[in-house]
1. Summarise the long-distance tail of P(r) for the stretch 113-224 by giving the % of C-alpha pairs beyond 16 Å.
2. Roughly speaking, what is the stretch gain from Asp110 to Asp143, that is 0.36 nm per residue apart minus the C-alpha to C-alpha distance, in nm to one decimal?
3. Identify which of Arg91, Arg140, Arg116 has the largest mean-square fluctuation in a Gaussian network model of the chain, with springs joining Cα atoms closer than 10 Å.
4. For a protection proxy built on the mean count of beta-carbon atoms within 10 angstrom, sort 147-160, 61-74, 31-44 highest first, please.
5. Run the dipole for the chain about the Cα centre, Lys and Arg Cβ at +1, Asp and Glu Cβ at -1, nothing else charged, and hand back the magnitude in debye, nearest 20.
6. Sort the stretch 62-147 into rounded, prolate or oblate with this rule: let a ≥ b ≥ c be the square roots of the eigenvalues of the Cα gyration tensor; rounded if a/c is under 1.5, and if a/c is not under 1.5, prolate when a/b is larger than b/c, oblate otherwise.
7. Rolling a 1.4 angstrom probe over the protein heavy atoms, how many square angstrom per residue are accessible across the stretch 109-165?
8. For the stretch 47-99, restrict the atom set to alpha-carbon positions and state the Rg and Dmax in Å.
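The values are calculated or read from the model by the stated rules, or taken from the named source; none is laboratory data. Since we're looking at a predicted model, the values are computed, not measured. Note: ideal-geometry Cβ built from the backbone for every residue, glycine included; neighbour counts use all protein chains shown. Note: accessible area is taken over every heavy atom of the protein model, side chains too, but ligands, DNA and RNA are not part of it. Shrake-Rupley method; radii C 1.70, N 1.55, O 1.52, S 1.80 Å.
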Amino acid sequence: MLIRSQYRCSFKALNNDVPMEGIIDRCKAAFTKLIEKGIVCNASFYRHENMGFLYLEEIVPVGEKSCLDIDRIMSDLKPYLKPWPEEDGDRFFAPMINVYYHHIPEDDLDMWEKERTTARKDRIGRVAFVFPDKLPSYVRYHDEIVHEGLLKGDKYAFISLHENILFSYYEEPRNNVNIRNADEESIVIDKWIKAGPESHFDRVKAKGSNFLVIPCLFTIDRLDLR
């Protein structure tokens with residue numbers, strides 16, 4: 001079974017004395033080992049200013065929950081991160097709350113990754129800033145769209161929330177599907193459009209965009225090792 005998740009971290013002020021390349025290489029190598037052991041399918045890490053975002057596809061036995069300790073896996077980064085205060089203690093990688101997707105992963109990993117083998121895929125990360133008073137509206141409409149399951153979008157798209165910040169992962173070229181695998185028009189998307197999507201986003205913080213594409217620090221998928 002495949003579990004998808006996303007995490008956010010906060011960087012301290014970095015300068016040229018910090019060997020970021022070597023650190024990032026070691027973090028990527030740690031995930032590469034987990035892929036070789038059949039524990040991870042995909043790990044992709046992105047950065048926007050002082051924030052980092054990790055997209056993860058974890059392979060677990062049916063009925064079990066995620067068991068990976070992201071702080072431990074990315075431990076080389078700890079000296080350069082600020083801790084988040086959590087209910088059970090401080091942590092460096094805060095779990096984000098998933099709010100949107102277009103497809104439920106198949107248990108058959110080869111089927112899940114089929115579209116990744118038919119064309120060269122770019123693994124893209126984006127960030128968005130939602131006005132705090134608009135968060136309930138954004139979450140409500142996107143929850144309704146997911147439950148309706150008719151809106152088509154990239155198979156691998158996954159959007160999560162932490163505080164008022166959204167992190168979006170998707171791949172190009174896109175393979176548009178929907179959850180119900182039905183060729184029907186979404187009704188809920190019309191409600192979302194009438195609610196005024198543009199009014200939800202702080203476009204100043206996102207440099208003129210709703211969702212801003214951000215740099216990828218590393219990305220590794222089980223297909224890369226073949």
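1. Above the 16 Å cut-off, the stretch 113-224 has 65 percent of its Cα pairs.
2. 9.1 nm
3. Highest fluctuation of the listed residues: Arg140.
4. 147-160, 31-44, 61-74
5. With Lys and Arg at +1 and Asp and Glu at -1, about 580 debye.
6. oblate
7. That works out to 44 Å² for each residue.
8. 12.6, 38
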